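Input: a single structure, listed below in structure tokens.
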Amino acid sequence: MPAVFRRDQRPWIDPDVADVDAIIEIVKKCPSGALSYSIDDIEYRDQDRKPMVTTSRNGPYLVTGGVELAGVDNWGQGASKEHYALCRCGKSNNKPFCDGTHLAIKFKDGQ
Ligand code: FES
């Protein structure tokens, strides 16, 4: 939804250019847990899912369902512990989390 999530502009999110339900569906698909939405001052970030780790093609490990991650003290403000993305390319500047660098380096997992 590039009209809403604008990588090269600030503010980088313009929620007024699309339908609310469509934006909510995009936020629910956010693999990193960086996105959330609020309605009537109630924040919606996490979902009720079974614990699972999957790989994304040429991208990070996608963790859902609140799998405990040992050895991480700094999750960052507002980060979700219910779902997050772990670096698989080895080049993230925010390890162990994916920061999108795999896109810039054109990481290929060979699958
Ligand atoms: S997999 Fe995304 S930065 Fe490494």
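Okay, here's what the table says:
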read-out: Matching residues, the stretch 23-65, being within 14 Å of the ligand (Cβ to nearest atom), of a type in the set (S, T, N, Q) and free of Cβ contacts under 8 Å to residues at least 60 places away in the same chain; value: Thr54, Thr55, Ser56, Asn58
read-out: Failed condition for Cys87, given (1) at pLDDT 95 or above; (2) more than 9 Å from the ligand (Cβ to nearest atom); (3) touching a Pro at 6+ places or on another chain (Cβ under 9 Å); value: (2)
read-out: Pairs with Cβ under 6 Å, 6+ apart, first in the stretch 91-111 and within 18 Å of Gly76 (Cα to Cα), second surrounded by fewer than 12 Cβ atoms within 10 Å (Cβ to Cβ); value: Asp99/Asn93
read-out: Residues that are hydrophobic (A, V, I, L, M, F, W, C) and farther than 18 Å from Gly100 by Cα, drawn from the stretch 32-52; value: Ile39, Ile42, Met52
read-out: Elements of type strands (runs of 3 or more DSSP E) in the stretch 30-111, at least 2 residues being buried (at least 17 other Cβ atoms within 10 Å of the Cβ); value: 61-64, 84-86
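The values are calculated or read from the model by the stated rules, or taken from the named source; none is laboratory data. Please read these numbers as outputs of a predicted model, since none were measured by experiment. Cβ: placed from backbone, ideal geometry, glycine included. Neighbour counts: every protein chain shown.
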